[in-house]
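The values are calculated or read from the model by the stated rules, or taken from the named source; none is laboratory data. Just so you know, these numbers come straight off a predicted model, no measurement behind them. Neighbour counts are summed over all protein chains in view; Cβ atoms, including those assigned to glycine, are modelled from backbone coordinates with ideal geometry.
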Amino acid sequence: MIKTEVVLDVIDGIPLSFYSSTGIFSKRKVDVGTRALLENLVIPERGIVADVGCGYGPVGIFLALKNPSLKVIMLDIDPNAVKLSKK
């Protein structure tokens, strides 16, 4: 079992909470680049979105919350990151 910490944030009015851990990129907060992307992203009304290199999941989770009709697929080479994003 990996030791986890909770990352809390609000992006574009959406309250978010993520689980993070040692060895995960930007483990204590959503990084500036990801925040800028999410605040300016044009989100499709329907379809499938792939979050490749999802880490602990800020992009995929944000998209799923912002538009629940999307199918969001989250992928990462790090099995711990995938486990964290599923929490």
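If you check 51, 9 for being surrounded by 12 or more Cβ atoms within 10 Å (Cβ to Cβ), outside any helix (DSSP H, G or I) and modelled with pLDDT of 90 or more, only one passes: 51. Here residue 34 passes the criteria (1) out of contact with any Cys (no Cβ under 8 Å at 6 or more places or on another chain); (2) not in a helix (DSSP H, G or I) except the one numbered (2).
Name the single residue, out of those in region 12-38 being surrounded by 10 or more Cβ atoms within 10 Å (Cβ to Cβ) and without any contact (Cβ under 8 Å) to a residue 24 or more places away in the chain, that is farthest from the chain's Cα centre (by Cα).
Result: 22.
Just one of the listed residues (65, 70) is touching a residue at least 40 places away in the same chain (Cβ under 8 Å) and in contact with a strand residue (DSSP E or B) (Cβ under 6 Å, 6 or more places away or on another chain), and it is 65. Residue 46 meets all of the listed conditions (1) among the charged types (D, E, K, R); (2) under 20 Å from residue 3 (Cβ atoms); (3) in contact with a Leu (Cβ under 8 Å, 6 or more places away or on another chain) but one, namely (2).
Can you pull out the residues in region 54-79 that are surrounded by fewer than 17 Cβ atoms within 10 Å (Cβ to Cβ) and in a helix (DSSP H, G or I)? Scanning region 54-79 gives 65, 66, 79. Of all residue pairs spaced 6 or more apart or on separate chains, those with beta-carbon atoms under 6 Å, a first member in region 39-55 that is more than 20 Å from residue 80 (Cβ to Cβ) and a second member that is assigned to a strand (DSSP E or B) are 48/71; 49/72.
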